[in-house]
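The structure under discussion appears below in the form of structure tokens.
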Amino acid sequence: MTRPTHLVLNWSNLRHNYAQARALADGKTYAVVKANAYGHGMLACAKALPEADGFAVACVDEAQLLREGGITQPILVLQGAYDAGEWQKACELNVQLVLHHEKQLQDRQQAKLNQPVQVFLKINSGMNRVGFTLDQVDAVLAQLAEDSQLQLQTVMTHFSSADEPDSPAFGAQLSYMASRAWPAPLCLSNSAALYRSRPLKDSISRPGIMLYGASPLLEKSAAELGLKPVLSLRSKLISTHLVPKGEGVGYGGDWRAAKDSRIGVVAIGYGDGYPRHAPHGLPVWVAGKICPLIGRVSMDMITVDLTDHPDAQIGSEVELWGEHISVDTIASQCRTISYELLCKITPRVKRLEHTQA
Ligand SMILES: *Cc1c(COP(=O)(O)O)cnc(C)c1O
């Protein structure tokens, strides 16, 4: 047996979730596959979604991997070009660029574009990370209108708080975008915004996390939203043994057996991307039953309390998150978000792909 730590990818669930996003969208739906598709495998995800209207990635390097892998749909680069060379490369790859800063227009002057590049003009509507404000945007629109090699495709913004049901920021950002007329259609929604009512028509939405079956909303679970997990992180028990009352388990011995206990060791740790700061009691699915995590997470192993699960044996199947335990449950108990846990799975974890329904 090789190391039993692996992830199972369910592409029919990815397609189900994409269909959910599209049903909520007003217009086209670009699947966000940046950061290796939130740890799921960028090219594999893109290939599993032939029906996608387009894809969004963070950088030109990621777009290049998709084009070299044979992806022909539109690809939007969310950070745009970093320098003049990237403008040229984006042009050669025929990918769409976000324009969010004056510096990018200066770089464009240095680039020789032999065909027009489609541009998504990014507006800072209140997140204050990247984008032009309404004060700056007229000058940019004038430059775009003069440049025959730049084609304004959409006017885009990104919401800071669409996941919070009562945040006034979402409405304020929408009002900001509605406060003037634009020379191109809008590109607005991330996953969370797709579940909010939007008075503005959104010509291209950009869902990410919901495609992978995690909830984008603080107040609702993925299951309640009808989303299905794409990735299950799995391993097996590699040892079981009895620990007498009063003994500690693992580094630091900071979990102590309150009674004679039966402990299981699972072949997964932070070297695989399981969070090291996971708290005692975190649910671990072991052969059909939820067992509590105990002891500190090591690089290659975790320990679970099997005292109430006498059937669990060496070789029993373990799921860390996925089909039986939502990644959102693990993330919130580890005081992080599903996005981070998914992105942090390491290359040591083998991938098994399930294509059939
Ligand atoms: C990552 C990203 C998205 C997708 O966000 P989700 O919360 O995963 O749906 C959309 N737009 C931009 C600009 C992004 O950076």
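Each of PRO185, GLY70, VAL8 was scored by the projection of its Cα onto the charge dipole of the chain, and the greatest displacement toward the positive side belongs to VAL8; charges sit on the C-beta of Lys, Arg, Asp and Glu. Rg/Rh for the chain (Cα atoms only, Rh after Kirkwood) is 1.06.
For the range 1-134, averaging the sequence separation of C-alpha pairs within contact (under 8 Å, six or more residues apart) and dividing by the residue count gives a relative contact order of 15 percent. The relative contact order of the range 118-182 comes to 39 percent, based on Cα pairs under 8 Å that sit 6 or more residues apart.
Amide H contacts for LYS236 (H built 1.01 Å from N in the peptide plane; partners 5 or more residues away or on another chain; cut-off under 5 Å): ALA267, VAL318.
Annotation: per residue accessible area for the chain equals 44 Å², rounded to a whole number [probe 1.4 Å, protein chains only].
The lysines whose alpha-carbon is closer than 19 Å to the alpha-carbon of LYS103, local same-chain residues fewer than 8 away aside, are LYS89, LYS112, LYS122.
Could you work out what % of the accessible surface of the chain is carbon and sulfur, using a 1.4 angstrom probe and leaving DNA, RNA and ligands out of the count? The nonpolar share, carbon plus sulfur, comes to 52 percent.
When every Cα-Cα distance of the range 95-241 is counted in 5 angstrom steps from zero, the calculated P(r) takes the values 2, 8, 16, 17, 15, 12, 10, 7, 5, 3, 2, 2, 1, 0, 0 percent. Sequence-ordered 3J(HN,Hα) estimates for the range 140-145 from the Karplus curve with 6.51, -1.76 and 1.60 and θ = phi - 60° stand at 5, 4, 5, 5, 5, 5 Hz, glycine and proline given as x.
Using the Karplus relation 6.51 cos²θ - 1.76 cosθ + 1.60 with θ = phi - 60°, the per-residue 3J(HN,Hα) values for the range 34-49 come to 5, 6, 6, 6, 6, x, 8, x, 5, 5, 4, 5, 4, 5, 6, 10 Hz, with x marking Gly and Pro. The trypsin sites (Lys or Arg not before Pro) of the range 253-357 that DSSP puts in a loop, and whose beta carbon has at most 11 other beta carbons within 10 Å, are LYS259, ARG335. Across the range 322-339, coupling constants 3J(HN,Hα) worked out from phi with the 6.51/-1.76/1.60 Karplus curve, θ = phi - 60°, read x, 5, 9, 10, 5, 4, 5, 5, 5, 4, 5, 6, 9, 6, 9, 10, 3, 3 Hz, and Gly and Pro carry x.
The values are calculated or read from the model by the stated rules, or taken from the named source; none is laboratory data. This one's a predicted model, so the numbers in the text were calculated from it and none came from an experiment. No Cβ is skipped: glycine too gets one built from the backbone with ideal geometry, and neighbour counts run over all protein chains shown. The area values use the complete protein model at the heavy-atom level, side chains included, leaving out ligands, DNA and RNA. Shrake-Rupley method; radii C 1.70, N 1.55, O 1.52, S 1.80 Å.
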